[in-house]
1. Identify, from the list A216, A174, A212, A205, the residue that is over 30 Å from D119 (Cα atoms) and surrounded by fewer than 15 Cβ atoms within 10 Å (Cβ to Cβ).
2. Among the residues of segment 116-139, how many are among the small types (G, A, S) and either touching a strand residue (DSSP E or B) at 6+ places or on another chain (Cβ under 7 Å) or closer than 17 Å to D182 by Cα (or both)?
3. Can you pull out every residue in segment 13-26 that is open to solvent by less than 40 Å² (accessible area, probe 1.4 Å) and out of contact with any Pro (no Cβ under 7 Å at 6 or more places or on another chain)?
4. Inspect all residues belonging to segment 47-59 and state whether any of them is out of contact with any Ser or Thr (no Cβ under 6 Å at 6 or more places or on another chain), open to solvent by 20 Å² or more (accessible area, probe 1.4 Å) and under 22 Å from D191 (Cα atoms).
5. Take F84 and decide whether it is of a type in the set (F, W, Y), more than 21 Å from V187 (Cβ to Cβ), out of contact with any Cys (no Cβ under 8 Å at 6 or more places or on another chain) and surrounded by fewer than 22 Cβ atoms within 10 Å (Cβ to Cβ).
6. I'm checking my understanding of the structure. Among residues of segment 177-195 that are without any contact (Cβ under 8 Å) to a residue 24 or more places away in the chain and either open to solvent by less than 40 Å² (accessible area, probe 1.4 Å) or acidic (D, E) (or both), which one is farthest from A104 (Cα to Cα)?
7. Residues that are in contact (Cβ under 8 Å) with a residue 40 or more places away in the chain and more than 16 Å from A154 (Cβ to Cβ): which helices (runs of 4 or more DSSP H) entirely in segment 35-126 hold 2 or more of them?
8. Which of (1) touching a strand residue (DSSP E or B) at 6+ places or on another chain (Cβ under 9 Å); (2) touching a residue at least 40 places away in the same chain (Cβ under 8 Å) is the odd one out, the single condition H32 does not satisfy?
Amino acid sequence: MTTLVLHGFSASNYYNKSKIALLEANADFTEHAVFPGEIDRQSSPLRKAPYLSTPNGPICESQVIVEYVAQTYPSAKLFPESPFEAAKVRELCTFLDIHLELVARRLYAQAFFGGKVSDGLKDTTRKELGRNIKAFFQLAKFSPYVAGESFTAADISAYTHLPMVRSVGKKIYAEELLGEFDLKSYVAMLDARPAFAKTSADAAAGMPSFNAYMQAAMQQTPAPK
């Protein structure tokens, strides 16, 4: 009997981050599609997707879900056995989630959904992204995986977030923010894994309905002054 339910929407990179972890672990789970306005506040108090229903109750935040999956299904080896090496993987996940993706996310309204952001926000975000991307590449190895020779949870974060950061650079600044890094080859390597390929296909299939939802939401939001 299925005991895990992943709630959210397939256009969300954080939802896909959690989904890939579950698929890599070969977990028995189902998916429940909900857009932001439909999220259960009791399960996700900030009304953010994703959240996961478990036999013991709900948990929210994608990195928390990944950690739960890693501990529930240790055979997936999402983190190394060495405490230090595991900490280095979590370090990379933190940089990708907080210092890259969440900074770039400030500009998603204009980059992807037809909205507008202020020139001041663009300027401060560009400076912060430049500094943070440089710091991330100081930590990352990409030999061939982000943390080194073995696949880890850091690759899930990199796969779901780096394309978004790159797109923001192209659409907002007409720049290649990731420099000479070969993102295309890295993504292709991970797409060879069934968990990534399925998640990518599902995300593409779900994008039209999400875009319609977001465009309707943007029309109801006043433009920034």
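1. Numbers: A216 fails: over 30 Å from D119 (Cα atoms); A174 fails: over 30 Å from D119 (Cα atoms); A212 fails: over 30 Å from D119 (Cα atoms).
The match here is A205.
2. Step one: filter segment 116-139 for residues among the small types (G, A, S), giving 118, 120, 130, 135.
The next check asks that each one be either touching a strand residue (DSSP E or B) at 6+ places or on another chain (Cβ under 7 Å) or closer than 17 Å to D182 by Cα (or both); those that pass are none.
Going through segment 116-139 one residue at a time, the tally reaches 0.
3. Filtering segment 13-26 for residues open to solvent by less than 40 Å² (accessible area, probe 1.4 Å) gives 13-22, 25.
If the condition is that a residue be open to solvent by less than 40 Å² (accessible area, probe 1.4 Å) and out of contact with any Pro (no Cβ under 7 Å at 6 or more places or on another chain), then N13, N16, K17, K19, I20, A21, L22, A25 are the ones that fit.
4. No, the conditions are met nowhere in segment 47-59.
5. In short, yes.
6. It comes out as D191.
7. The helices (runs of 4 or more DSSP H) meeting that bar are 108-112.
8. Tallying (1) touching a strand residue (DSSP E or B) at 6+ places or on another chain (Cβ under 9 Å); (2) touching a residue at least 40 places away in the same chain (Cβ under 8 Å), H32 fails exactly one: (2).
The values are calculated or read from the model by the stated rules, or taken from the named source; none is laboratory data. As the structure is a computational prediction, the values presented were derived from the model and not from experiment. Glycine gets a Cβ as well: all are built from the backbone with ideal geometry, and neighbour counts include every protein chain shown. All accessible areas refer to the heavy atoms of the entire protein, side chains included, with ligands and DNA or RNA removed. Shrake-Rupley method; radii C 1.70, N 1.55, O 1.52, S 1.80 Å.
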